[in-house]
1. Quick check on the chain: helices-only [θ] at 222 nm, where DSSP H runs of length 4 and up contribute -39,500 (n - 2.57) each and the sum goes over total residues. Nearest 500, please.
2. Report the Cα-based extents of region 102-207 along its three principal axes, largest first, to the nearest Å.
3. Over the chain, with every protein chain in place, what whole percent of the accessible area is carbon and sulfur at 1.4 Å, could you tell me?
4. Most mobile of 57, 89, 36 per a Gaussian network model of the chain (Cα springs, under 10 Å)?
5. At what distance in angstrom do the alpha carbon centres of region 11-57 and region 145-198 lie from each other?
6. In region 36-129, which GluC sites (Glu not before Pro) fall in coil by DSSP and have 15 or fewer other Cβ atoms within 10 Å?
7. At residue 112 and residue 166, where each label point lies 7 Å from the Cα along Cα→Cβ, what is the point-to-point distance in nanometres?
8. Work out, in µm²/s and without decimals, the Stokes-Einstein translational diffusion coefficient of region 74-149 at 10 °C, 1.306 mPa s, Rh from Kirkwood over C-alpha pairs.
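The values are calculated or read from the model by the stated rules, or taken from the named source; none is laboratory data. Note that the structure is a prediction, hence the values are computed from the model and not measured. Glycine gets a Cβ as well: all are built from the backbone with ideal geometry, and neighbour counts include every protein chain shown. Surface areas here come from the heavy atoms of the whole protein model, side chains and all, with no ligands, DNA or RNA. Shrake-Rupley method; radii C 1.70, N 1.55, O 1.52, S 1.80 Å.
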Amino acid sequence: MAFLSVESYFPNQHYTLYPIKTILVAAVLAWYWRLLPSLIPAATMPSLWVGVAGVVLWIGLDPILVHYDHPLIGRNPFQLYPVVYAWWLFGFRLVGITVCVPVMEELFWRGFLMRWLIKEDFTSVPLGTYQPFSFWITTACFAVTHGPEWPLGVVVGLLYGVWFVRTKSLGNIMLAHGVTNLLMTLYCLIANDWHFLSIVALVPSLK
């Protein structure tokens, strides 16, 4: 969230900042890896399909949203940079959004927040425990971080949340989230539709 805030103040530096963000987040995850619960998926194939359903819902429902004319960050990197450099930056974007983002986000949203809202000593709450207040607040917070696309975040957040409650596995939900992000990023590349990888700028420019 801090990185998103920083990036929004530097409208033309999104792709160049992303490798730094990816490396730092990966370093934090590696440092604390031994302290984390098991992240091995317990239901690999069904989780893959949940991830596919997530990207289908996200792309399929997008046309019904009201799209406002916000200043956006993160448009087509191949129009912003030389080809070789653009591929290098896109590769970091792909790895970050496919691997680092799902692990870090799901550790926070459903590994921590969803349980902490039930009990302050969240480690005593079993993974996947359903309590209406914590479930819906977590889903709402997850959605809000997606800015103008928050309605899509609600739909896909509910999909992830239900799968998490059903399987009690962080690994499952991380895999599903990663598949959604991977396919979304590849869709942007193939369809040349980059608004899914854009974020809203807090300020139009810093002239």
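1. That comes out to -18500 deg cm²/dmol.
2. Dimensions of region 102-207 along the principal axes of its Cα atoms: 48, 32, 20 Å.
3. 72 percent
4. Looking only at 57, 89, 36, the largest GNM fluctuation is found for 36.
5. Here the answer is 11 Å between Cα centres.
6. Loop-located and lightly packed - 120.
7. Inter-label distance under the simple model: 2.8 nm.
8. Answer from the Stokes-Einstein relation: 108 µm²/s.
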